[in-house]
Amino acid sequence: MADLYQQLSEELDRIDHQGQLRSLVSVTHHDRGEIEIDGRRYLNLAGNDYLGLAANRGMVAGFYKKQTDQNLLECYGLGSTASRLMTGNTGPYGRLEEQLRTMYSTEAALVFNSGYHLNIGILPALAGKQDLILADKLCHASLIDGMRLSLARLIRYPHLDYEAIERLFSRHRENYRQIFIVTESVFSMDGDTADLKELVRIKDRWQAVLYVDDAHGVGIRGATGCGLAEEMGVLDRIEILTGTFGKAFGGQGAFVVGTRVLIDYLLNTARSQIFTTGLPPVSVHWLCTILKQIPQMQTERTRVAELADRFRWALQEEGLRTHGSSNIVPVLIGDAAATVTAAERICAAGYWVKAVRPPTVPAGTSRLRLSLNAAMEWEQLAPLPGIIKASLI
Ligand SMILES: Cc1ncc(COP(=O)(O)O)c(C=O)c1O
């Protein structure tokens, strides 16, 4: 047998040589969008806590106090003991799914352990050999892994190119039982958005199924926080609409909303739902608490949108390249090594910013991905465009 560890360390050397070796850092979260690493405070632009809920110490403290005061031990357990279909479906789950159902006005909702679990579970359960998946080229890795696990044929269309989808339909529609269009709503590395109205029109025209991963839209977009589909007026026109709780909801887990038959089918067939231990009751109960507040958080949603517009404008004033229209703001640099150097310099100035390089994004499009949230103030952000510009010299 060849030496496994020798092989692995050679592989790690190769990754290191390409400047892509990653490691974990220990982080403490503070208010105002700040984190502490190795005793130093940074403004955190690399997180996804878009409404500032996960790091809101007052809210977290209030949540625990209420549980202790009311002796709600059932809700505060730390382990669910089994998968949901065995004995892991603790009380808060039913309440959370009922809340989601009401919020989205759908027949049913199903909670998964994470967005990753959800995305690797849904397509393998729904799409078989007789089916075709058309997916945006920039879909998240979890969606891609789900497509790879599915037996359906996969074609990836150029990012946001809906004429390309139409051409694919005219070429392939009659050869397949179902065709699934798969897209993110707000794209996680570019901060731009899918035209969900146009996608609904296309899928109706071709009698296809639309699967929208609204991970970066739920909570932060739409008048009541139901995400980009709500904002674009197509909430009830999407067959498979999903979101994660790990971003704007400041928690853990993910959900899909849809018809009763879809949800019953997924509960019975999605392997990443069936073969894993349920979430801790305390996590699900936190989500029930948060979900009640999301519709009322329009002030926060507007504030983040305004912050992002102002920030994007300030970057352009410095001659920096950015795009998109959300609170995810990329700064395009291009060269991977230059992006890493820039990120290091910006961190040294007290801003926690990560370089995003291939294979996460296409070669030549390395960037800084900055995500803004409701806990931040403009005064904290104002110096950053100048610091980024200086980091590139
Ligand atoms: C578009 C998209 N879908 C799914 C996920 C995974 O969600 P989770 O972090 O809940 O596993 C992410 C995470 O970054 C994402 O960006």
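Quick notes on this structure:
- Qualifying residue in segment 85-103 (condition: touching a Ser or Thr at 6+ places or on another chain (Cβ under 7 Å), touching a residue at least 12 places away in the same chain (Cβ under 8 Å), farther than 28 Å from T224 by Cα and surrounded by 22 or more Cβ atoms within 10 Å (Cβ to Cβ)): no
- Just one of the listed residues (R167, R177, R173) is surrounded by fewer than 16 Cβ atoms within 10 Å (Cβ to Cβ) and under 17 Å from A125 (Cβ atoms), and it is R177.
- Residues of segment 129-149 satisfying the condition of being within 16 Å of the ligand (Cβ to nearest atom) and part of a loop (DSSP other than H, G, I, E, B): K137, L138, C139, H140
- Any hit, segment 91-113, residues being in a strand (DSSP E or B) and farther than 19 Å from V218 by Cβ: no
- Of the set (1) surrounded by 19 or more Cβ atoms within 10 Å (Cβ to Cβ); (2) within 15 Å of the ligand (Cβ to nearest atom); (3) without any contact (Cβ under 8 Å) to a residue 60 or more places away in the chain; (4) of a type outside the set (A, V, I, L, M), all apply to K203 but (2).
- Among (1) under 29 Å from G219 (Cα atoms); (2) in a helix (DSSP H, G or I) - the single one S188 does not satisfy: (2)
- Qualifying residue in segment 273-293 (condition: without any contact (Cβ under 8 Å) to a residue 40 or more places away in the chain and either in contact with a Ser or Thr (Cβ under 6 Å, 6 or more places away or on another chain) or more than 20 Å from P92 (Cβ to Cβ) (or both)): no
- Long-range neighbours under 6 Å by Cβ, at least six apart or interchain, first residue touching a residue at least 24 places away in the same chain (Cβ under 8 Å) within segment 113-125, second surrounded by fewer than 23 Cβ atoms within 10 Å (Cβ to Cβ) and outside any helix (DSSP H, G or I): N113/T276; L123/S150; P124/S150
- For the residues G222, G217, the requirement of being more than 16 Å from the ligand (Cβ to nearest atom), assigned to a loop (DSSP other than H, G, I, E, B) and crowded, with 22+ Cβ neighbours inside 10 Å singles out G222.
- For segment 345-380, the set of residues classified as farther than 26 Å from H140 by Cβ and either outside the structural domain of R41 (by TED's automatic domain parsing) or assigned to a helix (DSSP H, G or I) (or both) consists of R345, A348, W378, E379, Q380, listed by residue number.
- Of the residues D49, D38, the single one that is among the acidic types (D, E) and surrounded by 11 or more Cβ atoms within 10 Å (Cβ to Cβ) is D49.
- Residue check, E231 among the charged types (D, E, K, R) and either over 22 Å from G121 (Cβ atoms) or more than 16 Å from the ligand (Cβ to nearest atom) (or both): yes
- Only helices (runs of 4 or more DSSP H) whose full extent lies in segment 1-77 are considered here, and the ones with at least 2 residues that are among the hydroxyl-bearing types (S, T, Y) and over 21 Å from K247 (Cα atoms) are 4-17.
The values are calculated or read from the model by the stated rules, or taken from the named source; none is laboratory data. Because the structure is predicted, anything quoted here is derived from the model rather than measured. All Cβ positions, even for glycine, are placed from backbone atoms using ideal geometry, and neighbour counts span all protein chains on display.
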